[in-house]
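Written below as structure tokens is the structure these notes are about.
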Amino acid sequence: MKQVAIVTGGARGIGRACALDLARQGFDIALVDLLEEEMAATAADILALGRDVRTYQADVVLHGRACEIVRDVHSAFGQIDFLLNNAGQSQPKGILETTEDEFDRGMAINLKSCFNYIQHAAPIMLEQGRGRIVSMSSLNALSGGVTAAVSKFAYAAAKAGILGMTRALAKELGPTIAINAICPGVILTEVGTDVTARESEIVKGIALGRLGCADDVARLVTFLATSEPCFITGQTFVVDGFQFNV
Ligand SMILES: NC(=O)c1ccc[n+]([C@@H]2O[C@H](COP(=O)([O-])OP(=O)(O)OC[C@H]3O[C@@H](n4cnc5c(N)ncnc54)[C@H](O)[C@@H]3O)[C@@H](O)[C@H]2O)c1
């Protein structure tokens, strides 16, 4: 059976791994990202897996653009089975240094973006009588951050907002749509994170003895997108190898 997924922030990192894993499971993919070149490379890899792909260069904070993109995906593919709200950006800045504009932008990239794409995709899924949504939160939403030295309070707030929104929307959109959130711990992606220098120190506090990789998250995303029958919604899944020094 044909399946179609929208993946925001799918050009690189965790989003790219999720898009490729979904494509391997037979999904056609719509990628939304700011990065044109990286997105084209991911699209080429999806095509090489024998799946169809469309790319949309866009800023996920734009509500009107989200509406256009979701409509275009629907008219091109005829259905939308899965939405992955993955685009996000951490903000390593304390409350005393963060400007109002920076706070608003962080909330928009990490939280409003989810509202934008869910609001436009949900009516299509409700009409179809089926749909799955996953939004990428962060361990920061639960722990407040890996160290006190690098405050990410605005990021933590936005990512925690995703968890509340997910629970409320599970009630509002059930029984037709299942919606869940994932909180990755420290995940090394190909572009790297700010933790490489402190890797050995961080790993000491991870029960499974390593940092995560994008495929660790992608496996769970694919499970939540495809498991049948579905009896999981409104949940928060932590993928962190059990990090106990946070
Ligand atoms: N890597 C980690 O350790 C980690 C941990 C917890 C949560 N996360 C979350 O996982 C998601 C993916 O993270 P990643 O590590 O792969 O990051 P990344 O920076 O490698 O990838 C993020 C992707 O989102 C895109 N993006 C960012 N802002 C955008 C915008 N305004 N409009 C459109 N596209 C935008 C980027 O261009 C990029 O392709 C993010 O939501 C991040 O907050 C990551």
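The values are calculated or read from the model by the stated rules, or taken from the named source; none is laboratory data. In this text, all values refer to a predicted model and were calculated from it rather than measured experimentally. Using ideal geometry, Cβ is built from the backbone for each residue, glycine included, and neighbour counts are taken over all protein chains shown.
Details
- Residue list for the range 58-76, restricted to those being crowded, with 20+ Cβ neighbours inside 10 Å and either farther than 10 Å from His120 by Cα or touching a Pro at 6+ places or on another chain (Cβ under 7 Å) (or both): Val60, Val73, His74
- Yes/no for Val191 being within 12 Å of the ligand (Cβ to nearest atom), in a loop (DSSP other than H, G, I, E, B), modelled with pLDDT under 95 and under 30 Å from Gln3 (Cα atoms): yes
- Matching option when the condition is among the polar types (S, T, N, Q), touching a Leu at 6+ places or on another chain (Cβ under 9 Å), modelled with pLDDT of 95 or more and surrounded by fewer than 21 Cβ atoms within 10 Å (Cβ to Cβ), among Thr236, Thr196: Thr236
- Residue in the range 158-188 that is surrounded by the fewest Cβ atoms within 10 Å (Cβ to Cβ), counting only those that are under 26 Å from Glu102 (Cα atoms) and more than 11 Å from the ligand (Cβ to nearest atom): Gly164
- Exactly one residue out of Lys204, Lys152 is under 16 Å from Asp240 (Cβ atoms) and surrounded by 18 or more Cβ atoms within 10 Å (Cβ to Cβ), and it is Lys152.
- Among the residues making up the range 227-246, those that are touching a Lys or Arg at 6+ places or on another chain (Cβ under 8 Å) and of a type outside the set (A, V, I, L, M, F, W, C) are Gly234, Gly241, Asn245.
- Residue among Ser143, Ser135 that is buried (at least 22 other Cβ atoms within 10 Å of the Cβ), within 15 Å of the ligand (Cβ to nearest atom) and either among the hydroxyl-bearing types (Ser, Thr, Tyr) or at pLDDT 95 or above (or both): Ser135
- Filter result for Asn110 (surrounded by 19 or more Cβ atoms within 10 Å (Cβ to Cβ), part of a helix (DSSP H, G or I) and within 15 Å of the chain's Cα centre (by Cα)): yes
- Restricting attention to the range 123-143, the residues being over 17 Å from Asn86 (Cβ atoms) and not hydroxyl-bearing (Ser, Thr, Tyr) number 9.
- Considering the range 1-97, the qualifying strands (runs of 3 or more DSSP E), each wholly inside and each with 1 or more residues that are more than 14 Å from the ligand (Cβ to nearest atom) and closer than 20 Å to Ile162 by Cα, run over 3-8, 82-85.
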